[in-house]
Structures are given as C-alpha cells and as structure tokens.
Amino acid sequence: MIVLLLLVFSCSAKWCFAGSRAPELFVSEWINGDPGMLIDMRGKVVVLDFFQMIEPECSEFSIPLIAKWERKYKGSKNIKFISIHTVYEEQGLQTPQALKAFVKKKGINHPVGIDMNGGGSFVPITMRKYRALGTPFIAVIDKKGSIRFRQLGVFETDTAEKIIDMLVNE
C-alpha cells in the first residue's frame, strides 16, 4: 500500500526535488557492504530504491526493476545501485534480521541500507530528506550529485530508462 505522508514533510526543503542536490544517506546498518558516502560516488550515476519488504508493490515492481537494470548495466563502472529499506509502518515485522533473510531470498546483491530513524518522526531520516511519500520510490542521481528523476509507486519505466541511459553515457 502506498502511503502518502504529506503532513510529515517541510515544503521549504528545496533539495528534495528533481534538479536539486541529492541529500546524503542516513543509514543505521548496511547489508551487502557499505557503498560509502554519496559525495564519494561523484562520477557515477546512482539509482536509489526506497522500499519496504512487506510492501507488495516493492516485491512485485521496484525490486525486480532494479534487478533488470542491474543486468542491463552489468559491467558498467558508471552506475551504482543502492536500496534503502525505509520502515514507517509495521516496525515489529521489518527487523534487521528479517530484512537480511528477505534480501537473501530475493537475491539482492547490491548494498541495502536500513534507513535511520530519528528526529521525532515515525518517518525515517533518508526518506524524509528525499521527500519519498511512500514506497516504492525510485530516485536517480547524476554524476554530479543532482537528482534527475524521482518517482513514487508503480510507473512506466521507459522515461526512467532513457534518463539513466543518457546519464550513464554522459
């Protein structure tokens, strides 16, 4: 279920829109290795997938989409895939141990970060910084560190793929 969290986000946060600088990731734990800071990934396109393991649209859409894109760009040194497990509901079911089993079962091999809670909100920090209003949520960051695409929910992927192709080949 896609949950709109409109009341949680500040409208003054200009960095969360396409064309603005990508905020750093706030992660409490990494699975499949720590990819480092976004600033250290300059020169690479970064594709972020914000997901929840209990969300059907994530299991049926965004996780397979990222796997498809990983196959498409296999061998390219110009792109990095990172998933952010962002839990804003059913915290008792979505534990780090359950997530590790889920990642293994789904065959996810790229870094998966557990979004850090804090700031007095039930919405995790990275999710708030990117103004991801639910899951699944995809963000594409260009080689200079700017957000070039962001999309909530299930969507037609042609536009996103064209943007990624363009950015990888810049």
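Details
- Test result for V140, surrounded by 14 or more Cβ atoms within 10 Å (Cβ to Cβ), touching a strand residue (DSSP E or B) at 6+ places or on another chain (Cβ under 7 Å) and part of a helix (DSSP H, G or I): no
- For first residues located in region 67-89 and of a type in the set (F, W, Y), partners that are part of a loop (DSSP other than H, G, I, E, B) and lie 6+ apart or on another chain with Cβ distances below 6 Å form the pairs F81/H110; Y88/F122; Y88/V123.
- Some residue of region 79-89 being part of a loop (DSSP other than H, G, I, E, B), aromatic (F, W, Y), at pLDDT below 95 and crowded, with 18+ Cβ neighbours inside 10 Å: yes
- On inspection, E24 does not qualify as more than 28 Å from V168 (Cβ to Cβ) and modelled with pLDDT of 70 or more.
- Residues satisfying the stated conditions in region 69-78, i.e. of a type in the set (K, R) and surrounded by 13 or more Cβ atoms within 10 Å (Cβ to Cβ): K72
- So K68, is it among the charged types (D, E, K, R), outside any strand (DSSP E or B) and modelled with pLDDT under 95: no
- Taken over region 117-133, the criterion of being closer than 19 Å to I147 by Cα and either under 11 Å from the mean Cα position of the chain (by Cα) or not in a loop (DSSP other than H, G, I, E, B) (or both) is satisfied by I125, T126, M127, R128, K129, Y130, A132.
- Number of residues in region 90-116 that are surrounded by 15 or more Cβ atoms within 10 Å (Cβ to Cβ), aliphatic (A, V, I, L, M) and assigned to a loop (DSSP other than H, G, I, E, B) equals 2.
- Any chance E70 is farther than 16 Å from K44 by Cβ and not aliphatic (A, V, I, L, M): no
- Against the numbered list (1) closer than 15 Å to V47 by Cβ; (2) out of contact with any helix residue (DSSP H, G or I) (no Cβ under 8 Å at 6 or more places or on another chain); (3) not in a helix (DSSP H, G or I), E156 comes up short only at (1).
The values are calculated or read from the model by the stated rules, or taken from the named source; none is laboratory data. For clarity, every value in this text was computed on a predicted model and none was experimentally measured. Here the Cβ is made from the backbone with ideal geometry for all residues, glycine too, and neighbour counts use every protein chain on show.
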